[in-house]
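Here is the structure we will look at.
The values are calculated or read from the model by the stated rules, or taken from the named source; none is laboratory data. Treat the numbers as computed from the prediction; the structure is a model and nothing was measured. Backbone-built Cβ (ideal geometry, glycine too); neighbour counts: all protein chains shown.
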């Protein structure tokens with residue numbers, strides 16, 4: 001009888017490849033939700049920080065324009081905000097298609113998965129003060145901000161929230177309404 005010789009193979013068997021691919025598939029399935037949550041959280045932080053920066057810039061730019069700078073905000077799933085020179089920007093440039101009247105416009109389509117739950121119009125005056133416009137179906141109320149006022153509340157699809165406030169001195173602040181100590185959004189103070 002002839003002895004069968006075993007040939008040394010330099011490759012992997014089909015079974016070894018299938019096991020490796022199965023392990024990679026399981027690990028990927030476990031990490032994808034965490035990566036999605038992190039991406040949603042980053043979008044939430046980005047939109048809140050962008051609005052806060054726009055409010056601070058509007059405060060600075062208002063000193064250069066006699067009519068001040070206004071920010072109009074439209075809440076809801078198709079939210080947006082726009083900055084415009086002059087009085088009552090909400091009527092003139094309120095998130096309409098670019099008509100050349102606004103300095104800047106930010107829309108929900110740039111930040112998928114983030115919803116603006118509440119939004120208010122803000123008028124920054126040349127003297128550094130700010131006024132908030134609250135509108136409902138019957139009337140419009142304009143008042144100077146003697147205290148902290150919420151400009152917008154943003155929420156991610158996973159329910160995390162960040163709020164952008166306007167302080168009495170005209171500066172903006174970001175805070176988290178429902179943050180616990182070890183939460184990733186804990187770098188922002190609790191509202």
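Give just the number: which of (1) at pLDDT below 80; (2) more than 26 Å from residue 129 (Cα to Cα); (3) in contact with a strand residue (DSSP E or B) (Cβ under 8 Å, 6 or more places away or on another chain); (4) surrounded by 12 or more Cβ atoms within 10 Å (Cβ to Cβ) does residue 98 not satisfy?
Among (1) at pLDDT below 80; (2) more than 26 Å from residue 129 (Cα to Cα); (3) in contact with a strand residue (DSSP E or B) (Cβ under 8 Å, 6 or more places away or on another chain); (4) surrounded by 12 or more Cβ atoms within 10 Å (Cβ to Cβ), residue 98 violates only (4).
I'd like to check something: does the stretch 126-148 contain any residue that is in a loop (DSSP other than H, G, I, E, B), in contact with a helix residue (DSSP H, G or I) (Cβ under 6 Å, 6 or more places away or on another chain), modelled with pLDDT of 70 or more and surrounded by fewer than 19 Cβ atoms within 10 Å (Cβ to Cβ)?
Checked against the condition, which is being in a loop (DSSP other than H, G, I, E, B), in contact with a helix residue (DSSP H, G or I) (Cβ under 6 Å, 6 or more places away or on another chain), modelled with pLDDT of 70 or more and surrounded by fewer than 19 Cβ atoms within 10 Å (Cβ to Cβ), the stretch 126-148 yields at least one hit.
Within the stretch 13-29, is even one residue surrounded by 12 or more Cβ atoms within 10 Å (Cβ to Cβ), assigned to a helix (DSSP H, G or I) and modelled with pLDDT under 80?
no
Among the residues of the stretch 171-191, count how many are crowded, with 18+ Cβ neighbours inside 10 Å and at pLDDT 75 or above.
Looking only at that region, the number is 5.
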